[in-house]
1. It is to be established whether one or more residues within region 383-393 are open to solvent by less than 10 Å² (accessible area, probe 1.4 Å), in a helix (DSSP H, G or I), within 20 Å of residue 347 (Cα to Cα) and not hydroxyl-bearing (Ser, Thr, Tyr).
2. Being assigned to a helix (DSSP H, G or I) and in contact with a Leu (Cβ under 8 Å, 6 or more places away or on another chain) narrows it down to one residue among 15, 72, 11, 85; which is it?
3. Could you tell me which of the residues 57, 28, 32 is touching a residue at least 12 places away in the same chain (Cβ under 8 Å) and under 30 Å from residue 286 (Cβ atoms)?
4. Checking the condition in contact (Cβ under 8 Å) with a residue 24 or more places away in the chain, over 27 Å from the mean Cα position of the chain (by Cα) and open to solvent by 60 Å² or more (accessible area, probe 1.4 Å), which residue from 486, 465, 504, 510 passes?
5. Could you tell me whether any residue of region 109-123 is β-branched (Val, Ile, Thr) and either modelled with pLDDT under 95 or surrounded by fewer than 20 Cβ atoms within 10 Å (Cβ to Cβ) (or both)?
6. Could you pull out every one of the helices (runs of 4 or more DSSP H) wholly within region 233-352 that has 1 or more residues that are modelled with pLDDT of 85 or more and buried (at least 24 other Cβ atoms within 10 Å of the Cβ)?
7. Kindly indicate which of 77, 63, 137, 104 is surrounded by fewer than 24 Cβ atoms within 10 Å (Cβ to Cβ) and under 25 Å from the mean Cα position of the chain (by Cα).
8. Go through region 513-528 and give me each residue that's of a type outside the set (A, V, I, L, M, F, W, C) and touching a residue at least 40 places away in the same chain (Cβ under 8 Å).
Amino acid sequence: MTFLSRISGLVRDQVYAQVFGANAAMDAFFIAFRIPNFIRRLSAEGSFSMAFVPVLAEYKAKGDHAAVKALVDRVTGALTAAMLVVTALAVLLAPWIMRVFAPGFAPDSEQARLATLMLQITFPYALFISLASLVGGVLNSYQRFAIPALSPILLNISMISAAVCLVPHMKAWGYEPVLALAWGVFAAGILQLAFQLPSLAKLGLLPRPRLDFAHAGVRKIMKLMVPTLFGSSVAQINLLLNTLVASLLISGSVTWLYFSDRLLEFPLGMFGVAIGTVILPHLSGRHAVSDPQGYSKGLDWGFRLCLLIGIPACIGLVVCAEPLLATLFQYGRFTGRDVHMGSLSLMAQSLAVPAFLLVKVLAPAFYSRQDTRTPVKAALVSMAVNASCTVLFLVLMLRFSPMGQAAFAQANGSWLEALQKVEGAHALLALAIAAAGWVNTIQLWWYLRRAGVYQPQPGWGRFAVQLAVASVLMTAVVVALRLFWVDWAQWLWWERALRLSALVGAGGLVYAAGMLLTGYRPRELRGH
């Protein structure tokens, strides 16, 4: 189901590239949408779910349906009230919010005005999707994974429809065409919430919102949720901060980062979110019934699966960055220059794919035990690393690279003006995110081992050798094909698609063959 969602997301991004390309208006939209989308990450895949699901598991373990229903009613009431306040404030304060998150947009410019208007249109999406994430958390806890996993398809369908059907009318009505995307986001939030409600009704848990902050379950969730605001979504916080810096760079930087991030999200979203969605209820259940051995085995299975997927995904994205972007997006307004720029940031950020996947297992390992403090410690260090690396990399580029030195001289010593002249600086922001991702992952793993709740299962040495052999063989084959197929822009779309399929297919087959030849068996995917 998640795979279908990501495929539709890929089609959505192809429509973006062809209809709009990479320009100032799209930079404005991506920044406007990234803010409510960040709230979605916190709720659907982060803070709220990490706090809500373990508490719901406790209520379920007691076997009292009425108590579960009361919890759902009161959590719905509290979440609705909180998000209504946040949404109202965001809409009212949109001009000032934009000045914070897009300092590179001149306050009185058309770009800033457009970004502010789109933020006001898109932010209610955060309200609807937060409620949808509550419904999805309940369904996942009852082993109903399909409907929540399918609901993101509605976002993609809504956005595609807006880009294809509404854009011509926006032009005729005298509005900026990119505003169609903002209204597509608004509609998507309502659709995603409504789509899941019938499944919740079948469980007898359709909520009647009640505002009761004194309820023990609500208070416990709030207590757990506040620190997880940092711990569960550090990658997204880092991405949001780097988007702020990207607004200071040359026009198109935000859009290039977006498209490279979207390709990175394909393995992370399809596998990472799926693994995290399944493993949190499992770990919460093992902890609730005091089964430390089953808890440790579940973690071990998650770690191995993340590496099994993450390492070849990392190699493939680094080696095939330009072919991927050229095949998927280089049509219409998305040019060869956009492909090259997007590939730079994709290669840089892809270095941390295994780390980003492992966090999807490591973070739930703490939240399932209702330990919210430890991930916060790791998150704060990771954020500091991201900020430090961003500044360090940009300074080193301006002071020591020929292009940076020339831009610095032309800007008469002005750092901000120099950054607006250097092409490729956005890739350094992606590299900073990758460094922060690895720091976060290593910290969480070390804290988990120190707590003694995870004991590695036998066979890790053999598994490491299998991964190394299969990855080397795959890399050799993919690099050889890349040297044979160099200029992808010269081919038609179907010729690119065939070659990309051959590239990915050959790499995947060689990787699978390498794992099998070294003794790995598919039954090991089933875990324990």
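The values are calculated or read from the model by the stated rules, or taken from the named source; none is laboratory data. Keep in mind the model is a prediction, meaning the values are calculated, not measured. Backbone-built Cβ (ideal geometry, glycine too); neighbour counts: all protein chains shown. The accessibility values were calculated without ligands, DNA or RNA, using every heavy atom of the protein model including side chains. Shrake-Rupley method; radii C 1.70, N 1.55, O 1.52, S 1.80 Å.
1. yes
2. 72
3. Working: 28 fails: under 30 Å from residue 286 (Cβ atoms); 32 fails: under 30 Å from residue 286 (Cβ atoms).
One residue alone meets the criteria, 57.
4. 465
5. Looking for residues that are β-branched (Val, Ile, Thr) and either modelled with pLDDT under 95 or surrounded by fewer than 20 Cβ atoms within 10 Å (Cβ to Cβ) (or both), one finds none in region 109-123, hence no.
6. Answer list for region 233-352: 234-246, 253-267, 292-319, 321-329, 336-350.
7. The conditions single out 104.
8. Taking region 513-528 as the starting set, the residues that turn out to be of a type outside the set (A, V, I, L, M, F, W, C) are 514, 518-524, 526-528.
Of everything in region 513-528, those that are of a type outside the set (A, V, I, L, M, F, W, C) and touching a residue at least 40 places away in the same chain (Cβ under 8 Å) turn out to be 514, 518, 519, 520, 524, 527, 528.
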